[in-house]
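Structure first, commentary second.
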Amino acid sequence: MKKVVIFGAGVFARVAHFYFCADSPNQVVAFTVHDRFIKEQTFRGLDVIPFEMIEKAYPPDQYAMFVAIGYRKVNKVRAAVYNQCKAKGYELVTYINSQNNYWKDLEIGDNCFVFDNNVIHPFVKIGNNVVVGSGNQIGHDSIVGDHCYIAAHAVITGGVRIGPYCFIGANATFRDGVTVAPECIIGAGAVILKDTVERGVYVARNTEQAAVDSDTIGDLCRRSGL
């Protein structure tokens with residue numbers, strides 16, 4: 001059992017706290033965010049500590065952390081805090097829901113959060129700081145890079161390579177063996193049949209896969225919160 005401080009005081013932090021309490025040997029003892037973002041002194045009945053002071057209240061040799069931030073700016077906000085926590089010397093815990101179906105050879109990094117009812121085949125590798133929503137399939141020999149976010153019910157077939165800082169929308173489907181370049185946004189329901197380009201945005205448009213030009217990427221990201 002580890003005593004864990006959750007970074008965040010929003011929706012993801014609330015959900016992470018529930019799962020840690022209900023389905024984990026770890027004990028959540030407090031929350032933390034940067035001082036300028038503190039609105040309330042408590043959250044879920046626990047203290048909210050300014051991140052700038054966290055080492056004094058909960059030193060890294062006695063406590064671990066989990067960064068509960070979503071996919072804003074293609075996961076780069078979460079990655080930045082992840083790196084700040086590592087720089088302070090904290091161990092970052094990974095949570096895998098007990099209702100998942102996966103093999104014990106699964107390679108997975110730190111600060112990952114794997115929701116329930118996923119099917120993960122043998123020889124899968126998942127990097128650091130990855131969120132996997134509910135009900136996904138990740139096929140054999142697939143690799144998910146660092147700082148990715150996979151929403152619910154994606155079908156990732158065998159041998160797929162997903163680069164770092166990618167967002168995968170709900171019900172997206174990937175043909176076996178494709179490579180998804182870094183910083184791609186794959187929209188809900190998109191079907192990826194061939195390798196993508198870096199920073200590409202792919203959306204479901206009838207039955208076709210459409211790559212959105214680079215001038216449109218910023219606007220789409222702003223409107224979707226990425």
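I'd like the residue in segment 68-88 that is of a type in the set (Gly, Ala, Ser) and farther than 17 Å from ALA152 by Cβ and, out of all such residues, is surrounded by the most Cβ atoms within 10 Å (Cβ to Cβ). Filtering first and then ranking leaves ALA68.
Taking each residue of segment 190-201 that is within 17 Å of GLY158 (Cα to Cα) and polar (S, T, N, Q) and looking for partners that are at pLDDT 95 or above and outside any strand (DSSP E or B) with beta-carbon atoms closer than 8 Å, six or more apart or interchain, yields THR196/VAL178; THR196/ALA181; THR196/CYS184. Just one residue in the set GLY158, GLY163, GLY127, GLY169 is of a type in the set (Gly, Ala, Ser) and within 27 Å of ASN26 (Cβ to Cβ); that residue is GLY127.
Kindly check whether there is at least one residue in segment 171-181 that is outside any strand (DSSP E or B) and surrounded by 19 or more Cβ atoms within 10 Å (Cβ to Cβ). Looking for residues that are outside any strand (DSSP E or B) and surrounded by 19 or more Cβ atoms within 10 Å (Cβ to Cβ), one finds at least one in segment 171-181, hence yes.
Within the option set ASN97, ASN75, being on the phi > 0 side of the Ramachandran plot and at pLDDT 95 or above holds for one residue only, ASN75.
Listed here are the residues, each with its yes/no results for (1) in contact with a helix residue (DSSP H, G or I) (Cβ under 8 Å, 6 or more places away or on another chain); (2) surrounded by fewer than 18 Cβ atoms within 10 Å (Cβ to Cβ); (3) of a type in the set (Ser, Thr, Tyr); (4) within 30 Å of ASP141 (Cβ to Cβ).
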{"residue": "ASP35", "(1), (2), (3), (4)": "yes, yes, no, no"}
{"residue": "LYS56", "(1), (2), (3), (4)": "no, yes, no, no"}
{"residue": "TYR90", "(1), (2), (3), (4)": "no, no, yes, no"}
{"residue": "ASN101", "(1), (2), (3), (4)": "no, yes, no, yes"}
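Could we say that LYS3 is more than 15 Å from the chain's Cα centre (by Cα) and at pLDDT 95 or above here? Spelling it out, LYS3 is indeed more than 15 Å from the chain's Cα centre (by Cα) and at pLDDT 95 or above.
The residues in segment 145-161 that are within 16 Å of LYS76 (Cβ to Cβ), part of a loop (DSSP other than H, G, I, E, B) and of a type outside the set (D, E, K, R) can be counted, and the count is 3.
Just give me the residues in segment 104-128 being more than 17 Å from TYR19 (Cβ to Cβ), part of a loop (DSSP other than H, G, I, E, B) and at pLDDT 95 or above, in sequence order. Those that are more than 17 Å from TYR19 (Cβ to Cβ), part of a loop (DSSP other than H, G, I, E, B) and at pLDDT 95 or above: LEU106, GLY109, HIS121, PRO122, PHE123, VAL124, GLY127, ASN128. Note on segment 11-33: residues that are in a loop (DSSP other than H, G, I, E, B) and surrounded by 12 or more Cβ atoms within 10 Å (Cβ to Cβ) amount to 3.
The values are calculated or read from the model by the stated rules, or taken from the named source; none is laboratory data. Just so it is clear, the structure is predicted and the values come from calculations on it, not from any experiment. Methodologically, a virtual Cβ is constructed for each residue, glycine included, from the backbone with ideal geometry; neighbour enumeration extends over all protein chains shown.
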